[in-house]
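Engineer: Can you keep this structure in mind? I'll have questions shortly.
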Amino acid sequence: MVACAYMVLKYWSNKKQLHDNFPSFDEFIPSFGRAIKYSGFPPNKLRDHLIKMDMFREVRVQHRKSNSQRTLEFHIRQGVPPIVIFDNGYYQQLIDSMAGHATVIVGYTPENFRANDPFGGEQYPYERMRFMDSWQKREGRYILITPKIHLKRWLT
Amino acid sequence: MVDLSKIPIVHEGVILAKAKEIIYNKLGTNLGARSPILQSKIIKDKEKQFWIVPLEADYPRIIEDQRTGTLKYVIFHIGKVGEIVFETKKGKPLQVPRRSNLDYAIGEELTRIRTRIENLLLRTASFQFAKLVHMKHIMSPLLNIITNILKHNEFELPDMETKRGQNIIRYVELLEKRKFIHLKEPIVYPSADLQSLFQETGENYSRTLEYVLKDIIENEYDIVYRKYKVRVLFPYIQISSSYYDYALSAQDLIAMSEEDLWFAYSSLYRKFSSRRRFRFVEWLRELSQEGVELLYETPRGAYQGNRQIFAKMLDQFPERQEITRTIM
């Protein structure tokens, strides 16, 4: 989850939509302190920890649900990579697991979603149907992290 | 008494959704909710109903195998670690466990697994631990007693009032407990077992001493550690146990980089000091030196376990496969 948030913020930084002096991952992690524990990280607390760093005060974090592949495709087309939480155990072996896995969806093809995955690496292909089933095992949750500067585009 | 069956209650699907919401908002992604259970309790002479949602945890671990350069994604199924209690009329949460309590429960389970592996390793690889130079050095009083009684067939205990005498008697007690010696105060004699062991090793003193040490590590390590405060073996056991913990969870004789092994050791045992990190390389060297071979250094500088030890441990810990699942 934290690695995914870092990836998305880095993406916005590369697009010059965040201030310079983007922190390294080692500098980024301490703002989460002891929040990453055995029980994992509660996704809804993401913003609370991000705003501890001055440069992320203007970042908006939205927690959403969907049951449609088109939602993910829409966000990718809009250039807002969604962080998707799904059941990786179910995706890989059709075994229900308690641990949720987060990945950043960065693209799609007719067969796959492409993800920059903390475990699978860059452009990891997730087969659509299985991915949708594993995603719905986590109520179709996804997170959007956007800098407010990006949102202004819609207002002007 | 009120007939509870006539009071409408919130559907279990709604309760489950609420529990999942609480997990997402407050608890953490390694937790999941099982199906709610309807329970009734008598409180102040009134029967009340509650929805109980058991919380279970899976703990993921990512292991990089340096042999193949691939990552393995392993999940520990921890089982139930807590529960959320809801009232049944409106589905209001009445009791939500504290995150710290859930973490504690998961940590306890992981420690239980870790201890089990440590004990298994102690039994399986006691001969390797007995060969460690540090171990021989710290146990030299015990080895001196053995050498003396094998050479002279007897050994007279020193004055028990002196510090030296008190130090020696505790090792004598240990050797007597393991039936290596007979004590007819103040003389110590070798037992038949010790003499036959000496014969079997071709009257090789070093080898006999290693077998005695092996037996003590295997059977009396707890006493040596707690009573005699011999803690020199601890980092060696913990480091090698960290490796075998990871290897067993991956169910493969993986190769780990020094950095990954340090991460495994420091996070499993909560040992993060820079002093330990500094000594870590030397501990690894000793664990992989000839004769000990609890680990092997690969040509690429990674560390791999001993095939025989790994196979024995895998054999003796069959339920490991129920606890862990290699996902990828």
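The values are calculated or read from the model by the stated rules, or taken from the named source; none is laboratory data. Predicted model only: the values in this text are computed from it and were never measured. Note: ideal-geometry Cβ built from the backbone for every residue, glycine included; neighbour counts use all protein chains shown.
Engineer: Taking helices (runs of 4 or more DSSP H) that do not extend beyond the stretch A:72-156, which have at least 2 residues that are more than 14 Å from chain B (Cβ to nearest Cβ) and surrounded by fewer than 16 Cβ atoms within 10 Å (Cβ to Cβ)?
Structural biologist: A:128-136, A:148-155
So that you can scan it fast, the table gives a plain yes or no per residue for (1) closer than 30 Å to B:T298 by Cα; (2) touching a helix residue (DSSP H, G or I) at 6+ places or on another chain (Cβ under 8 Å); (3) free of Cβ contacts under 8 Å to residues at least 60 places away in the same chain:
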site: B:N167; (1), (2), (3): no, yes, yes
site: B:L174; (1), (2), (3): no, yes, yes
site: B:E185; (1), (2), (3): no, no, yes
site: B:S191; (1), (2), (3): no, no, yes
site: B:V212; (1), (2), (3): no, yes, no
site: B:F234; (1), (2), (3): yes, yes, yes
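Engineer: Something else: Out of all the residues in the stretch B:268-319, which are in a loop (DSSP other than H, G, I, E, B), surrounded by 13 or more Cβ atoms within 10 Å (Cβ to Cβ) and in contact (Cβ under 8 Å) with a residue 40 or more places away in the chain?
Structural biologist: B:V292, B:E293, B:L294, B:T298, B:A302, B:N306, B:F317, listed by residue number.
Engineer: On to the next question. Any residue at all in the stretch B:44-51 that is within 11 Å of chain A (Cβ to nearest Cβ) and in contact with a strand residue (DSSP E or B) (Cβ under 7 Å, 6 or more places away or on another chain)?
Structural biologist: no
Engineer: Now, a different point. Do we find that A:Y90 is hydroxyl-bearing (S, T, Y) and closer than 19 Å to A:F41 by Cα in this structure?
Structural biologist: Criteria not met by A:Y90.
Engineer: From the residues in the stretch A:27-43 that are under 25 Å from B:L110 (Cβ atoms) and part of a helix (DSSP H, G or I), which one is nearest to the other protein chains (Cβ to nearest Cβ)?
Structural biologist: Among residues in the stretch A:27-43 that are under 25 Å from B:L110 (Cβ atoms) and part of a helix (DSSP H, G or I), the one nearest to the other protein chains (Cβ to nearest Cβ) is A:P43.
Engineer: Residues B:V14, B:V96, B:V10: which one is touching a residue at least 60 places away in the same chain (Cβ under 8 Å), more than 23 Å from A:Y38 (Cβ to Cβ) and within 14 Å of another protein chain (Cβ to nearest Cβ)?
Structural biologist: B:V14
Engineer: Shifting gears a bit: Could you list, in sequence order, all residues of the stretch B:221-236 that are part of a helix (DSSP H, G or I) and more than 16 Å from the chain's Cα centre (by Cα)?
Structural biologist: Within the stretch B:221-236, B:I223, B:V224, B:R226 qualify.
Engineer: Go through (1) touching a Gly at 6+ places or on another chain (Cβ under 7 Å); (2) assigned to a helix (DSSP H, G or I); (3) of a type in the set (D, E, K, R) and name the single condition B:D159 misses.
Structural biologist: (2)
Engineer: Just need a number here: residues in the stretch B:25-42 that are within 21 Å of A:N88 (Cα to Cα) and either surrounded by 20 or more Cβ atoms within 10 Å (Cβ to Cβ) or not assigned by TED's automatic domain parsing to the domain that holds B:H11 (or both).
Structural biologist: Counting residues in the stretch B:25-42 that are within 21 Å of A:N88 (Cα to Cα) and either surrounded by 20 or more Cβ atoms within 10 Å (Cβ to Cβ) or not assigned by TED's automatic domain parsing to the domain that holds B:H11 (or both) gives 7.
Engineer: Tell me which residues, restricted to the stretch A:35-67, are more than 24 Å from B:D103 (Cβ to Cβ) and in contact (Cβ under 8 Å) with a residue 24 or more places away in the chain.
Structural biologist: A:M53, A:M55, A:F56, A:E58, A:V59, A:R60, A:Q62, A:R64, A:K65, A:S66, A:N67
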